[in-house]
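Asker: Let me begin by handing over the structure; questions about it come next.
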Amino acid sequence: LISLDEAIKHHLVMPRISPVGNKDYSFAHDKILEALYGRLEPKKKSLLHHQFADYLEDRYKDRLSEVIFDLELHFTRGLDHNKALKYALEAGNVAQSSYANAEAASFYETVLRLLSEGFRVEGVDAVSLQIRVTEQLADVFVLLGKYEEANRLYGQVLPVLKDGVEISRLHTKIGSVY
């Protein structure tokens, strides 16, 4: 295919008007997207994901919450791990506050993996973030009925807490799991 016009002419891409009135395009069928995507080289795929993530970040800069899950996905696939970490954290918080606990757990696990690989959120202490997200993941595991995993994670957090009130609060959580 040479152009968007040719793709439209061959009914591979369909023009549409977005809910906010912008002109938009979508593939006529998921299989077309899969076929074209499958032909791309891995470097080109990550470049396209990163470019799209940058576009979303700029386009929705005043309302990132509308595209937070897309930002996490495309920065992850675009191999921008620091931004993927930032948006995985935000996506986990949004998912948790929406009671999408399985999704929240997945995002928090991504955050912890990226932190362990040395990636960072600018201006945020990595150790404090790891402690906080580990506890958040444990809280989500409790809601999912994964009590052993929750207690294991609470057990990781407990030794690093220094404040007596925080230690008592975490002991209360541990006690409520039993």
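The values are calculated or read from the model by the stated rules, or taken from the named source; none is laboratory data. Values in this document were obtained by computation on a predicted structure and should not be read as measured data. Using ideal geometry, Cβ is built from the backbone for each residue, glycine included, and neighbour counts are taken over all protein chains shown. Accessible surface is based on the protein model in full, side chains and every heavy atom, while ligands, DNA and RNA are left aside. Shrake-Rupley method; radii C 1.70, N 1.55, O 1.52, S 1.80 Å.
Asker: When you check Arg132 against the structure, is it closer than 19 Å to Glu103 by Cα and open to solvent by 60 Å² or more (accessible area, probe 1.4 Å), yes or no?
Answerer: So Arg132 passes the test.
Asker: Please go through (1) open to solvent by less than 70 Å² (accessible area, probe 1.4 Å); (2) closer than 18 Å to Tyr87 by Cα for Asp139 and return the number of the only condition it doesn't satisfy.
Answerer: Every listed condition holds for Asp139 apart from (2).
Asker: If I filter region 23-35 for residues that are touching a Ser or Thr at 6+ places or on another chain (Cβ under 8 Å) and of a type outside the set (A, V, I, L, M), do I get at least one hit?
Answerer: Yes, because at least one residue in region 23-35 is touching a Ser or Thr at 6+ places or on another chain (Cβ under 8 Å) and of a type outside the set (A, V, I, L, M).
Asker: In region 156-173, how many residues are assigned to a helix (DSSP H, G or I) and either in contact with a strand residue (DSSP E or B) (Cβ under 9 Å, 6 or more places away or on another chain) or of a type outside the set (D, E, K, R) (or both)?
Answerer: Of the residues in that region, 12 qualify.
Asker: Looking at Leu144, is it touching a residue at least 12 places away in the same chain (Cβ under 8 Å), touching a helix residue (DSSP H, G or I) at 6+ places or on another chain (Cβ under 8 Å) and either surrounded by fewer than 17 Cβ atoms within 10 Å (Cβ to Cβ) or small (Gly, Ala, Ser) (or both)?
Answerer: yes
Asker: From the list Leu40, Leu33, exactly one residue is farther than 30 Å from Thr134 by Cβ, touching a Phe, Trp or Tyr at 6+ places or on another chain (Cβ under 7 Å) and modelled with pLDDT under 95. Which is it?
Answerer: Answer to the selection: Leu33.
Asker: Between residues in region 77-90 that are closer than 11 Å to Tyr108 by Cα and in contact (Cβ under 8 Å) with a residue 24 or more places away in the chain and residues that are open to solvent by 10 Å² or more (accessible area, probe 1.4 Å) and among the polar types (S, T, N, Q), which pairs lie under 7 Å by C-beta distance while being six or more apart or on different chains?
Answerer: Ala88/Thr110
Asker: Just give me the residues in region 57-72 being within 23 Å of Ala105 (Cβ to Cβ) and in contact (Cβ under 8 Å) with a residue 12 or more places away in the chain, in sequence order.
Answerer: Leu64, Ser65, Ile68, Phe69, Asp70, Leu71, Glu72
Asker: Do you know which residues across region 119-155 are part of a helix (DSSP H, G or I) and aromatic (Phe, Trp, Tyr)?
Answerer: Once the filter is applied, which keeps residues that are part of a helix (DSSP H, G or I) and aromatic (Phe, Trp, Tyr), region 119-155 yields Phe141, Tyr147, Tyr154.
Asker: Are any residues in region 108-125 small (Gly, Ala, Ser) and closer than 19 Å to Thr76 by Cα, and if so, which ones?
Answerer: Ser116, Gly118
Asker: Filter region 84-105 for residues that are under 8 Å from the mean Cα position of the chain (by Cα) and of a type in the set (Ser, Thr, Tyr) and give the result.
Answerer: Within region 84-105, Tyr87 is the sole residue that qualifies.
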